[in-house]
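Have a look at the structure below, then the notes.
Computed from the coordinates by the stated procedures, all read-outs in this text should not be read as laboratory data. Computed from a predicted model, the values in this text were never measured in an experiment. Because the Cβ atoms are built from the backbone with ideal geometry, glycine has one as well, and the counts that use them run over all protein chains shown.
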Amino acid sequence: MTDGLHVHPALWEHVLRAAGAGRVAAVTDAMAAAGMPDGDYHLGALRVDVRDRVARLPGTGTIAGSTATTGELFANIVRRATVPRAEALVRAVAMTATTPARALGLTEVGAIEPGKRADLVVLDENLQVRAVYRAGEPVPIPRESPD
């Protein structure tokens, strides 16, 4: 929803104002090309062209799925919000962690609280992923190699 392609940001804002972030989950229909450079990929048996980070079926213009990661969705929620940044950050946390965990009945994740599993993503001021923790342990994250 919040990849900026499938649904216009003005519609997300309308939905958020009507329902509240506690009732809206940000989801991605990301395919194997998520987070990858432009190029040719496969989605099951279908060939997919990714150009400018948009996956399309060749020759049709049909969007074939998203290449957006959850981190990118989070950043979009914050950057395109029409509310102050602090409120946008709270919304983004709810939409990418708390609300989905609750909807799936996952009681051990979705919040930073005693007794929770401590699955965390650390972002910098530009909303770039800097660290990932699973059950409190650091997880190596790939870094783009300098050209």
Percentage of Cα-Cα pair distances in the stretch 9-106 greater than 23 Å, rounded to whole percent?
-> 37 percent
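Helix by helix, which DSSP H runs in the chain go 27 Å or more along their axis at the Cα atoms and have an average Kyte-Doolittle hydropathy of 1.6 or more?
Details: long enough: none.
Membrane-span-like by this criterion, though nothing is claimed about a membrane: none.
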If amide H atoms are modeled at 1.01 Å from N in the peptide plane, then the residues at a separation of 5 or more from residue 123, or on another chain, having amide H under 5 Å from its own are 130
Out of 91, 130, 80, any idea which swings most in a Gaussian network model of the chain, alpha carbons joined below 10 Å?
-> 130
Please order 95, 36, 31 by the number of other Cβ within 10 Å, starting at the fewest.
-> 36, 31, 95
For the chain, what's the relative contact order in percent, using C-alpha pairs closer than 8 Å and at least 6 residues apart?
-> 17 percent
Label-to-label distance, nm, for residues given as residue 8 and residue 126 (7 Å Cα→Cβ offset) = 3.0 nm
Sort 28, 107, 67 so that the residue with the fewest other Cβ atoms within 10 Å of its own Cβ comes first and the one with the most comes last.
-> 107, 28, 67
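Considering only DSSP beta bridges with both partners in the stretch 9-106, what is the antiparallel share in %, to the nearest 5?
90 percent
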